[in-house]
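Heads up: the structure comes next, in structure tokens.
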Amino acid sequence: MIGIQDRKLVLWNIGVAYIAFLIGTFCGLLQVFIRNDALDLPAWLDYYQILTAHGVLLALIYTTFFIFAFFIAGMSKTLGNFGPKVSLFAWLGFIVTLIGTVLATIMIISGKASVLYTFYAPLKASGWYYVALALVVIGTWLSSFALIGHYIAWKKRNKGQLSPLFAFMTISTIILWIIACLGVVTTVVFQYIPWAFGWVDTINVELSRSLFWYFGHPLVYFWLLPAYIAWYVVIPKLVGTKVFSDSLARFSFVLFILFSIPVGFHHQLTEPGISSFWKFLQVVLTFMVIVPSLMTAFSMFATFEISGRKKGGTGLFGWFTKLPWKDVRFTSIFIAMAFFIPGGAGGIINASFQMNELVHNTLWIVGHFHITVGAPVAMTFMGITFWLIPYLTGRKFTKQLQKLAFIQVISWTIGMLLMSTSQHILGLLGAPRRTAYSGYNGHPSTLDWFSGILSNHVTMAVGGTILFISAMLLIYIVANLLFVSPKAKLKKDFVEFPIAESDTSHTPKFLENWWIWIGVAVALIIMAYALPLSDLIHNAPGSRGHITW
Ligand code: HAS
């Protein structure tokens, strides 16, 4: 069991994560009804306010607090309890991130920041909103430094040894995060804040977007990699086997450090001001960042097959039936993985230069991110929640709660399938994203888009409603695991922190030489970004701010 101080910190992070989840999913529910014309909002509240709150609270805040909860718990479990300095930094990080979150939420709710979670200029929010975003990033950096400090202390005590897989993966994700944040910090501090407070008149829009996406794409891997940690480290334990290959697992994370950053232009393929050459180069690098996900898929299938065969599964697929389907911690994550097959394929379509023309800025993209961050990542976090909270509180994950957890996971699956399928189809037909207005004044060809069995706003609304009910069930389970469920007394009732054995005897030591990977990553970033960014700095025009709401 990890120490009481570390446990408290993890529980606070989880608590804030689920408060953000509660408000964020409620905003999601409102949104599908507004798009369906089934709800009129009061005058002080509008669609873009709700959309911003939904995106920020779920995609940025829920994920960030949950991820740090998982990291802190795992690092404390695998490397030992935090020392006083590490604890101090981690608490400071938590508090600063929380202050940023509260300030950002106040700005959004008071109608001063309806700029969506990508806060594209020249839409202009209150300067305090950008200050809040900067605080969130600084807070995560403080927490990151705490974890790096803890890791360095362990390395000093264990000279020449490879760190445990969980710690290695956490540090890889943190390296990725720190390098990625440089882009958003630069644009927020040097462009948005001076512009929003009126110290300068205009903002270089294309530069700000490019710096945002320098950060925005690795951001999606900051969400995904903690889920992958659970897939690599927790899942083998739940299915009763070892990590399939320690070197493969570490190498896949190294590839994410290298290739997840110099690819941001694939979000800007339709934008003027960046030449096709640089877009093409970054599309090629995007195809490189698909490789570690394919390695992960391979590793997962191997893990399942080895485990199933060990339990007597025969024939080509006999092992499949031997997986622990009755264990909701496993089933939730398995469904998460299954979602990532179409989710990842959709990503490959988005990244394919020409096909991007068809899907960009349509509901297809909204479908894509719901079956990447909204299912593979979120459902893995749910699977983690079911054991992490009772592990920390010492409460029982009772049979009744397990049943509820199954209902929750299945309903999330159904809701997400309905909503995201509808979004994908509508997007292919041409329905736009980032807008409340989607009827084109009742033009016949537009009305036609919404007449399919799956491709209509009602399906989306039904899906959204099921998702909301599922989210409320999850909140009920979380509250029970935190405060209500009886304390475990017998050994069998204590919930464990599942960490699988990982054989490091064949793992090359250079995989943990971070300077090599940071060096290669920086070289790739310079290659992909130096010239186009310099061109934008010198040639892209500035724009005054617009407040359209
Ligand atoms: Fe993406 C847009 C390309 C992955 C999230 N993406 C977005 C946006 C978000 C997002 C939020 O190239 C919208 C941003 C905005 O607001 O404008 N994405 C990709 C590519 C990948 C990818 C190439 N995206 C993600 C992940 C996300 C995420 C992960 C969140 C966590 N995405 C794009 C592009 C755009 C984009 C363009 C811009 C589009 C535009 O025009 O605006 C790749 O990383 C995907 C690789 C994944 C795979 C899948 C591997 C499968 C695995 C599962 C194995 C399953 C098992 C279970 C073992 C190749 C690992 C077996 C089960 C059985 C049932 C058999």
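Using a 1.4 Å probe on the protein heavy atoms, what percent of the accessible area of segment 1-63 belongs to carbon and sulfur?
Values: 1790 of 2610 Å².
Carbon and sulfur together cover 69 percent of it.
Applying 0.36 nm per residue to the separation of I152 and K85 and subtracting their alpha-carbon distance, the gain on full extension is 22.9 nm.
For the peptides 510-520, 36-46, 203-213, residues were scored by their other Cβ atoms within 10 Å and the scores averaged per peptide; the highest-first order is 203-213, 510-520, 36-46.
Partners of K156 within straight-line reach, counting aspartates and glutamates whose Cα lies under 15 Å from its Cα and excluding those fewer than 8 residues away in the same chain: E512.
You can think of it this way: the chain between F510 and A338 has 58.6 nm of extra reach, that is 0.36 nm per residue less the Cα-Cα gap. Select from F94, Y117, A43 the residue farthest towards the positive end of the dipole of segment 1-122; place +1 on Cβ of Lys and Arg, -1 on Cβ of Asp and Glu, and compute about the Cα centre. Ranked along the dipole, the leading option is F94. Surface composition of segment 80-231: carbon plus sulfur atoms contribute 75% of the solvent-accessible area (1.4 Å probe, protein chains only, all chains present).
The mean of 1/r over all distinct Cα pairs in the chain, once inverted, gives the Kirkwood hydrodynamic radius of 24.1 Å. Solvent exposure of segment 157-293 amounts to 29 Å² per residue of accessible area, where only protein heavy atoms count and the probe is 1.4 Å.
With 0.36 nm allotted per residue and the present C-alpha distance subtracted, the T446-F251 stretch has 65.5 nm of extension available. For C181, the accessible surface of its heavy atoms amounts to roughly 0 Å² (probe 1.4 Å, protein chains only, rounded to the nearest 10). Think of a 1.4 Å ball rolled over the protein heavy atoms: segment 327-376 then has 33 Å² of accessible area per residue. Distances between placed amide hydrogens fall under 5 Å for T362 paired with R433, all partners being 5 or more residues away or on another chain. Apply 1/(1 + (r/R0)^6) to the Cβ-Cβ distance of H546 and A38, taking R0 = 22 Å, and write down the FRET efficiency to the nearest 0.05. Taking R0 as 22 Å, the efficiency between H546 and A38 is 0.15.
Projected label points at T314 and F287, each 7 Å from Cα along the beta carbon direction, are separated by 4.4 nanometres. Taking every alpha-carbon pair under 8 Å whose residues sit at least 6 apart, segment 76-198 reaches a relative contact order of 35 percent. What is the sum of charges around M169, taking Lys and Arg as +1, Asp and Glu as -1, for the other residues whose C-beta is under 14 Å from the C-beta of M169? Neighbour charge sum, excluding M169 itself: 0. Residues M337, M288, ordered by accessible area of protein heavy atoms at a 1.4 angstrom probe radius and largest first, appear as M288, M337. Other residues with beta-carbon under 10 Å from the beta-carbon of W549 carry, at +1 per Lys or Arg and -1 per Asp or Glu, a net charge of 0. Using a cutoff of 8 angstrom between alpha carbon atoms and counting only pairs six or more residues apart, the relative contact order for segment 407-461 works out to 46 percent. Exposure check, 1.4 Å probe, all protein chains in place: F26 carries approximately 90 Å² of accessible surface.
In this structure, I526 and I19 have a Cβ-Cβ separation that, at R0 = 35 Å, corresponds to a calculated FRET efficiency of about 0.30.
Taking Cβ atoms as reference points and 14 Å as the exclusive limit, the residues near H267 contribute a net charge of +1, counting Lys and Arg as +1 and Asp and Glu as -1. With just the Cα atoms defining each centre, how far is segment 168-191 from segment 108-147? Give it in Å. Result: 14 Å between the Cα centres. Scalar couplings 3J(HN,Hα) for segment 352-360, obtained by applying the Karplus form with A = 6.51, B = -1.76, C = 1.60 to θ = phi - 60°, are 7, 1, 6, 5, 4, 4, 6, 9, 4 Hz; x denotes Gly and Pro. Amide H contacts under 5 Å for S543: I203, N204, V205, restricted to partners 5 or more places along the chain or on a different chain, H placed in the peptide plane at 1.01 Å from N. Between the residues F287, F298, T446, the greatest Cα displacement towards the positive end of the dipole of the chain, with unit charges on the Cβ of Lys, Arg, Asp and Glu, is found for F298. Rounded to the nearest 20 debye, the dipole magnitude of the chain is 2100 debye, with +1 charges on Lys and Arg beta carbons, -1 on Asp and Glu beta carbons, and the Cα centre as origin. With a Förster radius of 45 Å applied to the C-beta separation of S275 and I4, the computed FRET efficiency comes to 0.20. Ranking M379, S332, V484 by how far each Cα lies toward the positive end of the dipole of the chain (charges on Cβ) leaves V484 at the top. Among the listed pairs K85/K487; K326/K491; K242/K487; K237/K399; K155/K509, those with a Cα-Cα distance over 23 Å are K85/K487; K242/K487.
In this structure the amide hydrogen of R395, modeled in the peptide plane, comes within under 5 Å of the amide hydrogens of A488, none closer than 5 places in sequence on its chain.
Among 480-491, 415-426, 300-311, what's the highest-first ranking by average C-beta atoms within 10 angstrom per residue?
Peptide ranking by packing, descending: 415-426, 300-311, 480-491.
The values are calculated or read from the model by the stated rules, or taken from the named source; none is laboratory data. Computed from a predicted structure; not experimentally measured. Neighbour counts run over all protein chains shown; Cβ positions are idealised from the backbone, glycine included. Side chains included, ligands, DNA and RNA excluded: accessible areas come from the protein's heavy atoms. Shrake-Rupley method; radii C 1.70, N 1.55, O 1.52, S 1.80 Å.
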